[in-house]
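Chemist: For reference, the structure I am asking about is given below.
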2 protein chains.
Amino acid sequence: MSDNKMVQISNPNLDSQLDDCLCHLGIFKSMLDLPMTFGDVKFLCMGGSERRIRKYAEMFAEQMNLKMSENFCKTDRYVMYKTGQVLWVNHGIGIPSLSIILVEVIKLLHHAKAKEVVAIRIGTSGGLGLPPGTLILSNKAVNGELQDQYVQYIMGKKVLRSANFDAEVLEQLQQTAIQLNLPVQVGKTFCTDDFYEGQARMDGAFCDYTVEQKFAFLNHLYDLGVRNIEMESLCFAALLNRSNIRSAVVCVSLVNRLKGDQIKLSAKDINEFEMSTYKLVSEYIRKQLRIH
Amino acid sequence: MSDNKMVQISNPNLDSQLDDCLCHLGIFKSMLDLPMTFGDVKFLCMGGSERRIRKYAEMFAEQMNLKMSENFCKTDRYVMYKTGQVLWVNHGIGIPSLSIILVEVIKLLHHAKAKEVVAIRIGTSGGLGLPPGTLILSNKAVNGELQDQYVQYIMGKKVLRSANFDAEVLEQLQQTAIQLNLPVQVGKTFCTDDFYEGQARMDGAFCDYTVEQKFAFLNHLYDLGVRNIEMESLCFAALLNRSNIRSAVVCVSLVNRLKGDQIKLSAKDINEFEMSTYKLVSEYIRKQLRIH
């Protein structure tokens, strides 16, 4: 196996540190044998909600007859479970929350000498022109200015990062969805920093635009190829691109934003839709890892 | 009491909705008598961590001899407790996560006809030129481009919002800290979307700058009057300004960033520092509400 499959970081300063604190995980590099504990990881599955990630890890362990680890995260900010070669980590809501834990998980996997890792974000989203329940696989993500780049501000300067999803993983996920008879679409994702005004909703505390302006904007997004709206995909792809981890984002739509803003689904429907993302991702991983 | 003390929203569309779903709280306007349940709220206390907010609410209830409510939040995304006239809500990490719950709490307090509300964010932060344990009261917050404005992207366009803290609340908090003999400083807050590169840390997965560049930038921040770095204050002030709620941010410093990046405190020290923010805020509220 050549080194170019390894999880990469780019920070010469870490070599001179005596130890490394992954401080939102509450893990020190010196506390655990990281290569022994995490060196075999091949899939990193992330989602916003702590409860949902825990449930997915429990179901995966049970269905694949694997042991589920304790929660490795020692703070109350995030959770992290391991089931065989799959790591399950929640990321909270929005890019800042995601960026912190993703940087720390990338350092963890690098210290562990993990290689050939694929990362999949499993989420919920607002859909565009698609019925609730449709799975959307992101082939591109665009920011608040509709550019396909992740924006960082470093030392007062704007820095743009490319954010690419892996074409092969995307194709394999799409084929798996078709085999499972799950409704699936490939499209662009509008990645925002704000759920209400940032997504042109009419039901927030503040709304300075008209319903006509809203629909003009959402239709413009649709014409650009956007099929859903969420809040993490750009940073997810950009940080994983830099760390040599292939990435994909699978979201289910909970509302067709071309019809309304408020989610009007029963708890049963929401649960079923959230389960469909798990069904797709777990079946994809099962096939890749050749688990019977 | 004149109407100009009421919690305000600005969205004519809500009037035409049959109901209103505060969907990350899992509360419908029709489910509860909101004026009866929340109409008396005078203080909204927020912080990132769910566990810490719950602990603060429990301590406040016990010390002030008040009943603590159940967790009103029906999703696993946030928590919300009430103790007398004080509402305790966590906001997760970063502006996007904060913005969602703050919009929904503002709608809740508006529906409840609450008036004369003061909101205080209680957090941890990196300090600049101050020993760990110092309390920093924000008198201004600046964004990644060092401008004192909250940036939103609405329908593809950049929108700037002013973000002002309340001078009277700030002064009262400072006086209370002095009376309690707690180390306190008033200063600007650098509000970032990123914990590692965005805060010029040398210990992330990626670092393209030198230690000299880092210190030049942090010293520049210091010269601008910045005394701490966190990830929510700008949005907190800006949304509360729009809703006619006075706001303050109280953070304790866990590290002097002019000396290092990694937090090297014992769990006991961190707990004591987090408790000092609570001591200040609870004593301030006790005096304002004239609880004996």
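The values are calculated or read from the model by the stated rules, or taken from the named source; none is laboratory data. What you are looking at is a predicted structure, and each value in this text was computed from that prediction instead of being measured. Glycine also receives a Cβ, built like all others from the backbone with ideal geometry; neighbour counts cover every protein chain displayed. What goes into the accessible areas is simple: the full protein's heavy atoms, side chains included, and nothing from ligands, DNA or RNA. Shrake-Rupley method; radii C 1.70, N 1.55, O 1.52, S 1.80 Å.
Chemist: In terms of the Cα gyration tensor, with a ≥ b ≥ c the square roots of its eigenvalues, is segment A:145-292 rounded because a/c is under 1.5, prolate because a/b exceeds b/c, or oblate?
Modeler: It comes out oblate by the Cα gyration axes.
Chemist: For chain A, what mean projected area does the convex hull of the alpha carbons give, in nm²?
Modeler: Directional mean of the projected Cα hull area for chain A stands at 16.2 nm².
Chemist: Sticking with this one: What distance in nm separates the simple spin-label points at B:GLN147 and B:THR75, each placed 7 Å from Cα in the Cβ direction?
Modeler: Each label point lies 7 Å from its Cα, and together they span 3.0 nm.
Chemist: With the crude spin-label approximation of a point 7 Å out along Cα→Cβ, what separation in nm comes out for A:ASP19 versus A:GLU168?
Modeler: 3.9 nm
Chemist: Just give the residues from segment B:87-111 buried by at least 50 square angstrom of accessible area in the all-chains context relative to the isolated chain, probe 1.4 Å, and say none if nothing qualifies.
Modeler: Those residues are B:ILE93, B:PRO96, B:ILE100, B:VAL103.
Chemist: I want to verify a result. In a Gaussian network model of chain B, Cα cutoff 10 Å, which of these has the top mean-square fluctuation: B:GLU274, B:GLU62, B:GLU50?
Modeler: B:GLU62
Chemist: What nm distance separates the two modelled labels at B:LEU265 and A:LEU180, each placed 7 Å from Cα along Cα→Cβ?
Modeler: Output for this residue pair reads 4.4 nm.
Chemist: How would A:ILE291, A:ILE285, B:ILE178 line up by accessible area, probe 1.4 Å, largest first?
Modeler: Details: A:ILE291 35, A:ILE285 0, B:ILE178 95 Å².
Heavy-atom accessible area, descending, gives B:ILE178, A:ILE291, A:ILE285.
Chemist: Related question: Have a look at B:MET31, B:MET80, B:MET155 and tell me which one the Gaussian network model of chain B (Cα, springs below 10 Å) gives the largest fluctuation.
Modeler: Residue with maximal mean-square fluctuation among B:MET31, B:MET80, B:MET155: B:MET155.
Chemist: Show me A:118-125, B:203-210 ranked by packing, highest mean number of other Cβ atoms within 10 Å first.
Modeler: A:118-125, B:203-210
Chemist: Here is a follow-up. Using a cut-off of 16 Å between alpha-carbon atoms, which lysines can reach B:LYS259, once sequence neighbours fewer than 8 places away in the same chain are excluded?
Modeler: Cα-Cα hits under 16 Å: B:LYS214.
Chemist: Suppose every Lys and Arg Cβ carries +1 and every Asp and Glu Cβ carries -1, with no other charges. What dipole size does the protein assembly as shown come out with about its Cα centre, to the nearest 20 debye? Working shown, then result.
Modeler: Details: 66 positive and 64 negative charges, 98 e Å.
Here the protein assembly as shown has a charge dipole of around 460 debye.
Chemist: Oh, and also: Would you mind working out the accessible area per residue for chain A, using a 1.4 Å probe, and quoting it in Å²?
Modeler: On the way: 11340 Å² over 292 residues.
For chain A, the solvent-accessible area averages 39 Å² per residue.
Chemist: Here is a further query. For A:LEU289 and A:GLU212, calculate 0.36 nm times their separation in residues minus their Cα-Cα distance, and state this gained length in nm to one decimal.
Modeler: So the chain would gain 22.8 nm between A:LEU289 and A:GLU212.
Chemist: Rounded to the nearest percent, how much of the accessible area of the protein assembly as shown (1.4 Å probe, protein heavy atoms only) is carbon and sulfur?
Modeler: Within the protein assembly as shown, the accessible surface is 50 percent carbon and sulfur.
Chemist: Then there's this: As a test of reading the structure, rank B:PHE217, A:PHE215 by solvent-accessible area (1.4 Å probe, protein chains only), most first.
Modeler: Accessible-area ranking of B:PHE217, A:PHE215, largest first: A:PHE215, B:PHE217.
Chemist: Next question. Give a residue-ordered list of calculated ³J(HN,Hα) values for segment B:274-280 (Karplus: 6.51 cos²θ - 1.76 cosθ + 1.60, θ = phi - 60°; whole Hz; x for Gly, Pro).
Modeler: Calculated HN-Hα couplings, in order: 4, 5, 5, 5, 5, 4, 5 Hz.
Chemist: Within a 10 angstrom radius of each residue's Cβ in B:7-14, how many Cβ atoms of other chains show up on average? Whole number is fine.
Modeler: Details: counts 1, 2, 4, 5, 10, 3, 10, 5.
That average works out to 5.
Chemist: Residues with amide H under 5 Å of A:MET80's amide H, sequence separation 5 or more or different chain, H placed in the peptide plane at 1.01 Å from N; which?
Modeler: Amide H neighbours of A:MET80: A:PHE72, A:CYS73.
Chemist: I would also like to ask the following. Classify the protein assembly as shown as rounded, prolate or oblate from the Cα gyration tensor: take a ≥ b ≥ c as the square roots of its eigenvalues, call it rounded if a/c is under 1.5, otherwise prolate when a/b beats b/c and oblate if not.
Modeler: In terms of gyration-tensor shape, oblate.
Chemist: Another question about this same structure. Distances from B:PRO131 to the same residue in each other copy, label points 7 Å out along Cα→Cβ, in nm, shortest first?
Modeler: So the distances to the same position in the other copies read 6.6 nm.
Chemist: Still on this structure: Looking at this model, which pairs from A:LYS268/B:LYS107; B:LYS29/B:LYS113; A:LYS82/A:LYS115 are more than 20 angstrom apart at the alpha-carbon?
Modeler: Long pairs (Cα-Cα over 20 Å): A:LYS268/B:LYS107.
Chemist: Right, something else. Quick one: of the DSSP bridges fully inside chain B, what percent are antiparallel, nearest 5?
Modeler: Looking only at bridges with both residues in chain B, the antiparallel portion is about 40 percent.
Chemist: Using only protein heavy atoms and a 1.4 angstrom probe, determine the accessible area buried between A and B, summed over both sides, in Å² to the nearest 100.
Modeler: It comes to approximately 5500 Å² buried between A and B.
Chemist: What are the residues whose amide H is under 5 Å from the amide H of B:ALA114, where those residues sit 5 or more places off or on another chain and H is modelled from the backbone?
Modeler: B:VAL7
Chemist: Name the shape class, rounded, prolate or oblate, that the alpha-carbon gyration tensor gives for segment A:117-231, where a ≥ b ≥ c are the square roots of its eigenvalues, rounded holds for a/c under 1.5, and otherwise prolate holds if a/b is larger than b/c and oblate otherwise.
Modeler: oblate
Chemist: Where is the GNM fluctuation largest for chain B (alpha-carbon springs, 10 angstrom cutoff): B:GLU58, B:GLU272, B:GLU230?
Modeler: Judging by the Gaussian network model, the answer is B:GLU272.
Chemist: Is there a quick way to get the dipole size of chain B? I mean about its Cα centre, with the Cβ of Lys and Arg at +1 and of Asp and Glu at -1; what is the value in debye to the nearest 20?
Modeler: The calculated dipole for chain B is roughly 500 debye.
Chemist: At 0.36 nm per residue, and after removing the present C-alpha to C-alpha distance, how many nm does the segment from B:ASN256 to B:LYS5 gain when stretched out fully? If you can, show how the numbers build up before the last one.
Modeler: Values: separation 251, 0.36 × 251 = 90.36 nm, distance 3.91 nm.
Separation in residues times 0.36 nm, less the Cα-Cα distance, equals 86.4 nm.
Chemist: Turning to a different aspect of this structure: Net charge around B:MET231, counting only other residues with Cβ within less than 10 Å of its Cβ (Lys, Arg = +1; Asp, Glu = -1)?
Modeler: After counting each charged neighbour, the total is -4.
Chemist: For the full complex of protein chains and a 1.4 angstrom probe, list B:MET68, B:MET202 by accessible area with the highest value first.
Modeler: B:MET68, B:MET202
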